[in-house]
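The values are calculated or read from the model by the stated rules, or taken from the named source; none is laboratory data. Bear in mind the structure is a predicted one, so any value in this text is a computation, not a measurement. For neighbour counting, all protein chains shown are included, and Cβ atoms are generated from backbone atoms with ideal geometry for every residue, glycine included.
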């Protein structure tokens, strides 16, 4: 159990339970969102680790927002997790040329139960994302995420592709992610499901609802 607790923050901080914020929310808009999912592991059947988050975003400018999320699953292990950050639309979509956005998050995890002590840990993440919006409703994207462990250790990498379907104020997002494609997870005790035993493929589902703000 102690090993699982030590690994949990790093697993969460590689983006597990968080879908990509493809583009900033419009200025003045508030968006509440939740997501569930993570890397695929074989425990009899192959299933995604059910890591979950809830949070909100606020559009502070025409091309920028800020965000915060609470990591729910970690609480069941006695570990509190929070991330804060935001995204910036560096280049708007121009005809067939996709948009480019840059996202960043700062993660923090710490124990909340005296019986399950984990040293406080912090991580810094940067994610460039290219996206293309078709018909004002279908948003396709590809993203790369690099994460620095502030307590030391090698950077962590993940790659993602996904689709967000927009239905008025609602949005539903399905994302496929490849966690740590440069790491040989075939040598791990857990049976992570990655191409050629490298990293772990994952699946995430996100839902959001937006209040107010300018139209995109």
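Table: residues versus (1) touching a helix residue (DSSP H, G or I) at 6+ places or on another chain (Cβ under 7 Å); (2) more than 24 Å from residue 174 (Cβ to Cβ).
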{"residue": "81", "(1), (2)": "yes, no"}
{"residue": "93", "(1), (2)": "no, no"}
{"residue": "100", "(1), (2)": "no, no"}
{"residue": "107", "(1), (2)": "yes, no"}
{"residue": "123", "(1), (2)": "yes, yes"}
{"residue": "130", "(1), (2)": "no, no"}
{"residue": "144", "(1), (2)": "no, no"}
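Each row is one residue, and each column tells you yes or no for (1) in contact with a helix residue (DSSP H, G or I) (Cβ under 7 Å, 6 or more places away or on another chain); (2) more than 22 Å from residue 82 (Cβ to Cβ); (3) free of Cβ contacts under 8 Å to residues at least 24 places away in the same chain.
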site	(1), (2), (3)
19	no, no, no
26	no, yes, no
30	no, no, no
33	no, no, no
42	no, yes, no
62	no, yes, no
68	no, no, yes
Residue under evaluation residue 109, criteria (1) assigned to a strand (DSSP E or B); (2) at pLDDT below 95; (3) surrounded by fewer than 17 Cβ atoms within 10 Å (Cβ to Cβ); (4) more than 14 Å from the chain's Cα centre (by Cα), criterion not met:
(3)
Can you say whether residue 28 is within 23 Å of residue 138 (Cα to Cα), more than 18 Å from the chain's Cα centre (by Cα) and surrounded by fewer than 15 Cβ atoms within 10 Å (Cβ to Cβ), as far as the supplied structure shows?
yes
Could you list, in sequence order, all residues of the stretch 6-51 that are modelled with pLDDT of 90 or more and closer than 22 Å to residue 177 by Cα?
19, 20, 21, 22, 23, 24, 33, 34, 35, 36, 37
So in the stretch 146-162, with the set limited to residues that are out of contact with any helix residue (DSSP H, G or I) (no Cβ under 8 Å at 6 or more places or on another chain) and surrounded by 21 or more Cβ atoms within 10 Å (Cβ to Cβ), which one is nearest to residue 205 (Cα to Cα)?
162
For the stretch 56-78, what are the residues that are surrounded by fewer than 20 Cβ atoms within 10 Å (Cβ to Cβ) and modelled with pLDDT of 90 or more?
56, 58, 60, 61, 62, 63, 64, 66, 68, 70
